[in-house]
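One structure is given below, encoded as structure tokens.
What follows draws every value from the coordinates through simple rules; no lab data is involved. Remember, it's a predicted structure, so these values are computed and weren't measured experimentally. Note: ideal-geometry Cβ built from the backbone for every residue, glycine included; neighbour counts use all protein chains shown.
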Amino acid sequence: MKKLLIVATIPDTLSAFFTYITRHLQANGWQVDGMANGVSHDKECLELFDNVWDVDLSRNPLAPKNLLTAPQQIKDTVNRNGYDLVNVTTPVAAFVTRLALKNARKQGKCKVIYTAQGFHFYKGGALYRNAIFLNLEKIAGPGTDYLVVVNREDAEAAKRHKFVASERVRLIPGTGLNVERFDCNSITKEQILQVRQELGLSPQTHLFLSVAEFIKRKHHKDILEAFALLNRQDVYLALAGDGILLEDMQQLAVDLGIQDKVHFLGFRRDIPVLVRASLATILASEQEGLPNCVMESLCMETPVIGSNIRGTRDLLEDGYGLLFETGDTKGLAKAIDYFSGNPQEARSMGEKGRQSLTSYDVPSILQKYESLYLEALSPKSKQINQYSTQNN
């Protein structure tokens, strides 16, 4: 039986990104365990993994426990259970785990794979923050057998900075898109009509939707300010999600005088219906790895207006939506206005976008991860690792 340990800082990351991979491997005879701070109290993870292990990790890179207690907990867990592979993700967990397992790797006890859902340094990021996270990756890089990235910008950065040897950098776009959940053919006209009636929309009204947590990096402020620049009576905006900035954004809508045309929906379980009922979705983030909401929108044949950042750019640059520069509210307003005046072209973009997603679906991603895991365990991989260790 092959044994895999997946390590993240918090349990939500494990269930959000590794559910499909875990279930697939378990069905093929693997033991898959999970490790995160508080994971033993997380219902989803308890049901998902064969075993779970708590670890004193914090998302705050400066928290003392990240280096005082977590490394020994990780080493003890790996030594006690004899894992063949350890797949780490999220910056803090990945950094601490790779340092903790440095000797175990050299002794050939396990292989370490790092899945970077989006490096915390990126083009356009704050210089001091970029410098911190870039150097953390450089320090931890030698403790990595394979590095998985989810977008082209990160793949180029990993090779340019030589975190690992180029042949051990793998571009795997995400951890599996649930195409069945976001099947546009499963949404009925009655469901769409019901949602539009709930929002008080006429048949002639164009709905634009943003699905994102109300936090600073999602730039809801830009969306609202762009919407206020429009001189159209046939356009409404819906914002789905919760977060610490929700009340601030509700007040901003009032201050901008657009509160009657903006719907704050909170947490919703009918996102596929909302997406299908919209002319386009909007993502104004300054930072993403590979945004699920963009893939899900295209899966529903709904085009996306997205900020020109890594991940989003990968998904849209072939004409499946419109890109604008982060923070450019005029550019965003122009894109909304263009789709509003050209709804048939918007729908055509969405239809083409759905056809582009075959390499992002669950079966494709599972095949890539399983192949990578088996390669990491192969004798050839051991030879590559020995050569790389000698040259680091």
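One table, with the values for the structure above:
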| read-out | value |
| --- | --- |
| Residues Thr312, Thr13, Thr97 arranged by fewest to most Cβ contacts within 10 Å | Thr13, Thr312, Thr97 |
| Nearest 10 degrees, 0 to 90: helix 220-229 Cα axis against the chain principal axis | 20 degrees |
| Set of aspartates and glutamates near Lys102 by C-alpha distance (under 12 Å), chain-local residues within fewer than 8 positions excluded | Asp145 |
| Förster radius 25 Å - calculated FRET efficiency between Gln259 and Tyr128 (Cβ-Cβ, nearest 0.05) | 0.10 |
| Largest-first principal axis extents, alpha carbons of segment 318-374, Å | 49, 27, 14 |
| Average projected area [Cα convex hull, the chain], square nanometres | 19.4 nm² |
| Values of log10 I(q)/I(0), in the order q = 0.12, 0.18, 0.24 Å⁻¹, for segment 1-72 under a Debye, Cα-only, solvent-free model | -0.32, -0.66, -1.00 |
| Table column - 3J(HN,Hα) (Hz), segment 97-110, Karplus curve with 6.51, -1.76, 1.60, x for Gly and Pro | 5, 5, 5, 5, 9, 4, 6, 4, 5, 4, 7, x, 7, 7 |
| Straight-distance crosslink candidates among lysines, where the alpha carbon sits under 22 Å from Lys368 and sequence neighbours closer than 8 are dropped | Lys2, Lys3, Lys111, Lys159, Lys380, Lys382 |
| Segment 78-148: proportion of alpha-carbon pairs further apart than 17 angstrom, % | 42 percent |
| Estimated FRET transfer efficiency when R0 is 30 angstrom, pair Asn178-Asp337 (beta carbons, to 0.05) | 0.40 |
| Relative contact order (percent, whole number), segment 184-359, Cα cutoff 8 Å, 6+ residue spacing | 23 percent |
| Table column - 3J(HN,Hα) (Hz), segment 247-259, Karplus curve with 6.51, -1.76, 1.60, x for Gly and Pro | 5, 4, 6, 5, 5, 4, 4, 5, 4, 7, x, 10, 4 |
| Potential extension, Asn60-Lys216 segment - 0.36 nm per residue separation minus Cα distance | 54.4 nm |
| Placed amide H near Gly241: partners under 5 Å, 5+ positions off or other chain | Leu265, Gly266, Phe267, Arg268 |
| Positive dipole terminus of segment 184-359, leading residue within Val273, Ala335, Leu315 (C-beta point charges) | Val273 |
| Value of Rg to Rh for segment 184-359 (Rh from inverse mean 1/r over Cα pairs, i.e. Kirkwood) | 0.92 |
| HN-Hα J in Hz across segment 301-317 - Karplus 6.51, -1.76, 1.60, θ = phi - 60°, x for Gly and Pro | 6, 10, x, 10, 9, x, 5, 7, 10, 4, x, 4, 4, 4, 7, 10, 5 |
| In segment 228-287, chymotrypsin sites (Phe, Trp or Tyr not before Pro) in a DSSP loop with at most 16 other beta-carbon atoms within 10 Å | Phe267 |
| Cα centroid separation - segment 345-380 against segment 306-337, whole Å | 23 Å |
| Estimated [θ] at 222 nm from DSSP helical runs (n ≥ 4, -39500 (n - 2.57)) normalised by residues in the chain, nearest 500 | -13500 deg cm²/dmol |
| For segment 114-129 and segment 14-88, distance of Cα centres in Å | 23 Å |
